[in-house]
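The numbers here are math on the coordinates, done by the rules we state, and not lab data. What you see is a predicted model, and the numbers here were worked out from it, not measured in a lab. Cβ atoms come from the backbone with ideal geometry, glycine included; neighbour counts cover every protein chain shown.
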Amino acid sequence: MSIELKTEEFEKARPQLMGIAYRLLGVVAEAEDAVQDTAYKWFSATGPLPDKPVAWLTTVCTNRCLDILKSARRRRTDYVGPWLPEQFESESTLDVESQLEIASSLSTAFLLLLERLTPRERAAYLLHDIFGMAHQDIGQTLGLSTENSRKLASRARRMVSQENVRFVPSAERQKELLEKFRVAIQTGDTHELVKSLSQDVDLRADSGGKVTAITHILEGVEAVLNFFSEVLSPAWNSLQFEMRTVNGCPGLLIWEDDVLHALVSFSVDADQTIRSIFIQRHPEKLELLLEKKGRPQVDGSLFLQ
């Protein structure tokens, strides 16, 4: 097998492998490591080229991610405060419908829901529902029967449906809600924002213990509004706000002079109210956000640089 042919096949599959790895792991560096490990095995393999190179690469990459997940789960039990996935600034020239489809499998709410599934449920669901793989092939990838693969994906799909985490409102609605958040912070007036909060809204911040941030999840309108009035507005009302597209969705970057202080994003219910408020404060994750740019595709692929 020529190195040129191997390189061509791998580069062709790389965006799909990155899309799978990122969604499985929620950590960019770990996803890149998984893809790199896959490349090492691919270029080290001897013998003729597999009949289905993409299937071979997908199997190796997926199982490497599952191995990484085992140690990641142990690490997160010692994590200080809530954990949020890493995010990247995204760009797209696709139509509005395609952009919403992309965002539905990259949102923070969706990635957090995946964290609650077993690794194999997560893999079976992603490979089938996002990447369109047949259950027979998924079973071979995960070392399962076709029927067991179908059952795993079905259980995961049921939870995704119950939580409705793949609903993404229009970009205009998301920007409108983020603007209400900005006004509430800068003026201290939450009158307009409260109208857009779900009654069971929650708020969580990820600092990893690196900087000051609330270390427990706030639940309910009263608790969230008290936090706005007593903590967020006094601390942030003089900072600078900027909207950018992050993981396919509008997000609010909060700057303190030339230092990125926080990233705010929402999960929105089907009734267009804010269900969850996510605040990223972890300095390393914020640094990565400024460094990484991605071009996600409707087929699940992810070009990341």
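Quick look at the values:
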item: Length added when fully stretched, Thr7-Thr146, from 0.36 nm per residue minus Cα-Cα; result: 46.9 nm
item: Three-way shape label, the stretch 1-110, alpha-carbon gyration tensor, a/c 1.5; result: oblate
item: Rounded FRET efficiency, nearest 0.05, which uses the C-beta distance separating Ser161 from Thr77 and R0 of 45 Å; result: 0.95
item: Ranked list, fewest to most other Cβ atoms within 10 Å of each Cβ, for Ser44, Ser161, Ser107, Ser207; result: Ser44, Ser161, Ser207, Ser107
item: Cα centroid separation - the stretch 173-240 against the stretch 261-293, whole Å; result: 12
item: Assigned charges on the beta-carbon of Lys, Arg, Asp, Glu; the stretch 88-162 dipole about Cα centre (debye); result: 620
item: Whole-angstrom gap from the stretch 1-21 to the stretch 103-161, using each part's C-alpha centre; result: 23
item: Cα gyration tensor category, rounded, prolate or oblate, for the stretch 171-291 with a/c compared to 1.5; result: rounded
item: R0 of 45 Å, Cβ-Cβ distance Ser238-Thr93: FRET efficiency to nearest 0.05; result: 0.80
item: Lys, Arg +1 and Asp, Glu -1 on Cβ, resulting dipole of the stretch 171-291 about Cα centre, debye, nearest 20; result: 100
item: Structure-based [θ]222 nm, the chain - -39500 (n - 2.57) summed over DSSP H runs of at least 4, per residue, nearest 500; result: -15500 deg cm²/dmol
item: Selected from Arg158, Arg166, Arg150 as most flexible by GNM, with the chain as the system and alpha-carbon contacts under 10 Å; result: Arg158
item: Residue-wise HN-Hα coupling along the stretch 80-86, computed from phi with Karplus coefficients 6.51, -1.76, 1.60 (Hz; x: Gly, Pro); result: 7, x, x, 9, 10, x, 5
item: Top of Glu89, Glu291, Glu115 by mean-square fluctuation, Gaussian network on the chain, Cα under 10 Å; result: Glu291
item: Pairs of Lys in the chain closer than 17 Å at Cα, counting only those 8 or more apart or on different chains; result: 9
item: Correct option for volume of the Cα convex hull per residue in Å³ [calculated from the coordinates] among (i) 173; (ii) 132; (iii) 144; result: (ii)
item: Separation of the Glu291 and Thr212 label points, Cα + 7 Å toward Cβ, nm; result: 2.7
item: Choice from Leu111, Leu49, Leu127 showing the highest fluctuation, given a GNM over the chain with Cα pairs closer than 10 Å; result: Leu49
item: Segment Asp129-Glu32, extension gain: residue separation times 0.36 nm, minus the distance between their alpha carbons; result: 32.7 nm
item: Fewest-first sequence of Val221, Val96 by Cβ atoms within 10 Å of each Cβ; result: Val96, Val221
